[in-house]
Amino acid sequence: MTDVPPAEPNAPVQGGQPPLPGFRILAQFVRDLSFENPRAPDSLRLEGKPQIDMGVELNAQGRPDGLFEVDIKLSIKASTEAMAVFHVELLYGGLFQLTGIAEKDIVPLLVIECPRYLFPYAREIVARATADGGFYPPFMLDPIDFAGIYTARMQQQAQAAGTA
């Protein structure tokens, strides 16, 4: 948490000037974390690399107080042909204050920039969970291109609207 209370969103600053565009991270938190290592200790003695199945979901929503919540849900399953190795699910969130942002820029900011700031912390939590589960080296997520995901989603929606 920050020691400075949030200002009114889009409130004018001293001198009557509109606020400069920007955002602040007011809080970051683990909403839900699950780690399963169902075949321990056998799963800790693997030969080769397991197959990784990973899912990423984003959720952003406004709140009545003018702030925004952004959640990243990561689901990572590692398995071999013989067994499940581990399964991690993390729902990591942040509380953001936006100021001076044009209406058309709010969604891209919430689904690109906000997750970009949250991701390194979520990545560390996943790495720590797998290390604490006995895996060495710990599982390190590759960086995620949130801008690429957003662009692809917008193109899909445009194509769907064009065919409808």
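Of note:
- Figure legend. Inter-residue proximity from segment 44-64: first residues closer than 15 Å to Val126 by Cβ, second residues open to solvent by 50 Å² or more (accessible area, probe 1.4 Å) and assigned to a strand (DSSP E or B), beta-carbon distance below 7 Å, spacing 6+ or different chains. Indicated pairs: Asp53/Lys77; Glu57/Lys73.
- When Gln14 is tested against the conditions (1) polar (S, T, N, Q); (2) modelled with pLDDT under 90; (3) surrounded by 11 or more Cβ atoms within 10 Å (Cβ to Cβ), the lone failure is (3).
- For segment 17-47, filtering for residues that are among the aliphatic types (A, V, I, L, M), touching a Gly at 6+ places or on another chain (Cβ under 7 Å) and either modelled with pLDDT of 80 or more or open to solvent by 80 Å² or more (accessible area, probe 1.4 Å) (or both) leaves 3.
- If you go through segment 101-124 and keep only what is open to solvent by less than 40 Å² (accessible area, probe 1.4 Å) and assigned to a helix (DSSP H, G or I), you end up with Ile106, Pro108, Leu109, Leu110, Val111, Ile112, Cys114, Pro115, Leu118, Phe119, Ala122.
- Of the residues examined, Arg153 is not one that is modelled with pLDDT of 90 or more and part of a helix (DSSP H, G or I).
- Apart from one condition, Ile144 fits all of (1) open to solvent by 100 Å² or more (accessible area, probe 1.4 Å); (2) in a loop (DSSP other than H, G, I, E, B); the exception is (1).
- Any hit, segment 139-147, residues being within 30 Å of Pro41 (Cα to Cα), in contact with a strand residue (DSSP E or B) (Cβ under 8 Å, 6 or more places away or on another chain) and in contact (Cβ under 8 Å) with a residue 40 or more places away in the chain: yes
- Selection count where residues are of a type outside the set (D, E, K, R), outside any loop (DSSP other than H, G, I, E, B) and closer than 26 Å to Tyr150 by Cβ, scope segment 63-90: 8
- Segment 61-75: number of residues that are surrounded by 18 or more Cβ atoms within 10 Å (Cβ to Cβ) and of a type in the set (Gly, Ala, Ser): 0
The values are calculated or read from the model by the stated rules, or taken from the named source; none is laboratory data. Predicted, not measured: the structure shown is a model, and the values here were computed from it. For neighbour counting, all protein chains shown are included, and Cβ atoms are generated from backbone atoms with ideal geometry for every residue, glycine included. Heavy atoms of the whole protein, side chains included, go into the accessibility calculation; ligands, DNA and RNA do not. Shrake-Rupley method; radii C 1.70, N 1.55, O 1.52, S 1.80 Å.
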